[in-house]
Structures are given as C-alpha cells and as structure tokens.
C-alpha cells in the first residue's frame, strides 16, 4: 500500500530496543513536528477551506499523539529529552521543487508530508511486529493506522488541488528519491533516520 522502495532493515529494531528512551523522545518530537507541519500548510494555503479544516484536525491529533508518547516516557520513569534535528526530513526538503507557483508549492508540501507519514507508518509496523516489548508492540500497532490515514490524507489533497500537475508521477519521484535516502538511514534509534 505504501509503495516505499526500501523497507526498514529489521536490525533497526535491535538498535531501538537498546535505546528505548531515545526512540520515544524522538517519536514524541516527530509528533510535535507533524502538528507544526499541518499548521504550516493551513497557514500557507488558507484559500482551501476543507484543507484548513483537515489540517486543524490533524494538528490536534498529532499533539494528542505527542501526549500519548510522553505518557509512555513517564510510565517508564524516563523524561522527555531535547528535540534533535531530523536529517531525513532535511534530505527530503532538499528534493522539493522551488518555484512553480502556489499550486506546485502546495503539492510539494503535501507530498513531502505524505512521504514522512508513509515512512512513519512503515516504522510503526516494524515496531509493532518485531520489538520484544509487548506494551510497545501494542502501542505502535494502534498508532500505525493513524499514520496510514494521514499519509492518504496528504495524497488525496495533492490530487484534489494539483490541477494540471501529474501528482502521481511526482509521488513516484518522491518514492524513488526516498528509497535512495534510506540506504544511509536505519542505524540510529530515531524514527526516520
């Protein structure tokens, strides 16, 4: 369903299991950044009322996920660490086409957000199937469905408002690019990298 070109190496779970505090902190901040991305999209493109409505709801849901991850951190006697830069997102941002007008920029923003959600969904699936911690397996299984919904939401809006842009062709380019990126990631206890 996701169309990702390179699956996460299953050995990534071994890294995560040795660094649960790190992955939970990174995950929490990823949820906050996802909320910020939704807010950014609606403030940059307020002329689409249905998009504004959906991004408002999405920002709220992402912050609810932040709170859920923060609860997991506290349940384990850990504390939320500091936010770290996300090189994966920086690499994706470098792929965004510059210029091309508002419609092109909307499509680019939506596809980038969709790509991040697709990879998050895939990582949550891996954790829900492979991590030894039964509580986290269940936790990530529950969040996986949300990420899949978010990924399809972004693609749906890109197709709806893409006009004469071949959104499916551009999405295929994103998938190819991201597949190449993943060759250098999967070696740290972070959600995307």
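The values are calculated or read from the model by the stated rules, or taken from the named source; none is laboratory data. Please read these numbers as outputs of a predicted model, since none were measured by experiment. Cβ sites come from the backbone with ideal geometry, for glycine too, and all protein chains shown count toward neighbours.
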- Quick one: count up the residues across the stretch 140-160 that are under 26 Å from residue 17 (Cβ atoms), over 13 Å from the mean Cα position of the chain (by Cα) and surrounded by fewer than 20 Cβ atoms within 10 Å (Cβ to Cβ). 2
- In the stretch 134-146, is there at least one residue being part of a helix (DSSP H, G or I) and within 23 Å of residue 168 (Cα to Cα)? yes
- Please find, among 38, 67, 57, the residue that is part of a helix (DSSP H, G or I), within 18 Å of residue 146 (Cα to Cα), modelled with pLDDT of 95 or more and under 13 Å from the mean Cα position of the chain (by Cα). 38
- Message: Can you tell me how many residues within the stretch 164-193 are over 14 Å from residue 110 (Cα atoms), in contact with a helix residue (DSSP H, G or I) (Cβ under 7 Å, 6 or more places away or on another chain) and modelled with pLDDT of 95 or more?
- Response: 1
- Note on the structure: Of 134, 118, the only residue that is buried (at least 17 other Cβ atoms within 10 Å of the Cβ) and either without any contact (Cβ under 8 Å) to a residue 12 or more places away in the chain or under 15 Å from the mean Cα position of the chain (by Cα) (or both) is 118
